[in-house]
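Each remark here refers to the structure printed beneath this line.
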Ligand code: C5P
């Protein structure tokens, strides 16, 4: 079974532990630690989650000069995360440096973490992109342009809207990894996500990984919600 990645959008470790206590102890989850949690708890939250047997996607979206990103990625690899990411806007040299840092920080017995890039944030509209970033292309063209740079840099793939997966796989190949947030099971609230798809649609479209936050973290019974979404994502129902 492929596991949906649960976004642990909590302000501190205590809330994470309270949330995880609602899952069976021996269940290995794939969880996402973002800026909110990491900037409060630091590397110890990653160690704790790994000790509990979970895989960690460290979602810090690095964007800085190549040398700094390379050193930071070396440290991130040492934490033993399964997946992490950068902003494609940092450029090919930065992305290559990120990858080099991950290789340098990974032990020989350890898999090098999966490295993804963010192209355009899904909160960015075409009008905003053109006005704020001075990019003259359409949003889709910009996403494809960045994704092409991501592939050229040797990264595994991108974080993208489910609506972009088909275009990206057509141009960059089936093995180019597409991770999609903005997932809502048929029976849940949309929250502030505008362009959402169900786990079933995400599978049909070809997403390789889905990130799910509130439909699991805010559910009355998070484990039941997780099981339903996992089944839908794997085509069991
Ligand atoms: O609660 P929800 O399912 O909307 O959470 C989605 C998670 O994915 C959040 O952690 C959010 O920051 C993240 N995310 C997103 N859209 C992106 C990239 C990341 O919603 N384009």
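Coordinate-derived values only; no laboratory data. Not measured: the values here are computed from a predicted model. Every residue, glycine among them, receives a Cβ derived from its backbone with ideal geometry; neighbour counts consider all protein chains shown.
Ranking of 231, 127 by neighbouring Cβ atoms within 10 Å, starting from the fewest: 127, 231.
Each peptide among 73-86, 30-43, 103-116 gets the average number of other Cβ atoms lying within 10 Å of its residues, and from highest to lowest they stand as 73-86, 30-43, 103-116.
The slack between residue 50 and residue 36, meaning 0.36 nm per residue of separation minus the straight C-alpha distance, is 3.2 nm. Ranked by the mean number of other Cβ atoms within 10 Å per residue, highest first, peptides 128-134, 21-27 order as 128-134, 21-27.
Label reach from residue 19 (point 7 Å along Cα→C-beta): in segment 45-72, amide nitrogens under 19 Å belong to 45-61. For the chain, the fraction of alpha-carbon pairs lying more than 33 Å apart is 15 percent, rounded to a whole number. A Förster radius of 25 Å, combined with the Cβ-Cβ distance separating residue 205 from residue 1, puts the computed FRET efficiency at roughly 0.85.
Hull volume per residue, based on the alpha-carbon atoms of segment 91-224 and their convex hull, is 142 Å³. The ellipsoid equivalent to the alpha-carbon distribution of segment 12-128 has semi-axes of 26, 19, 12 angstrom, derived from the gyration tensor eigenvalues as √(5λ) and listed largest first.
As a proxy for reagent exposure, ranking 119, 230 by other Cβ atoms within 10 Å from fewest up yields 230, 119. Helices in the chain, meaning DSSP H runs of at least 4 residues, each add -39500 (n - 2.57). Divided by all residues, the mean residue ellipticity at 222 nm is -12500 deg cm²/dmol.
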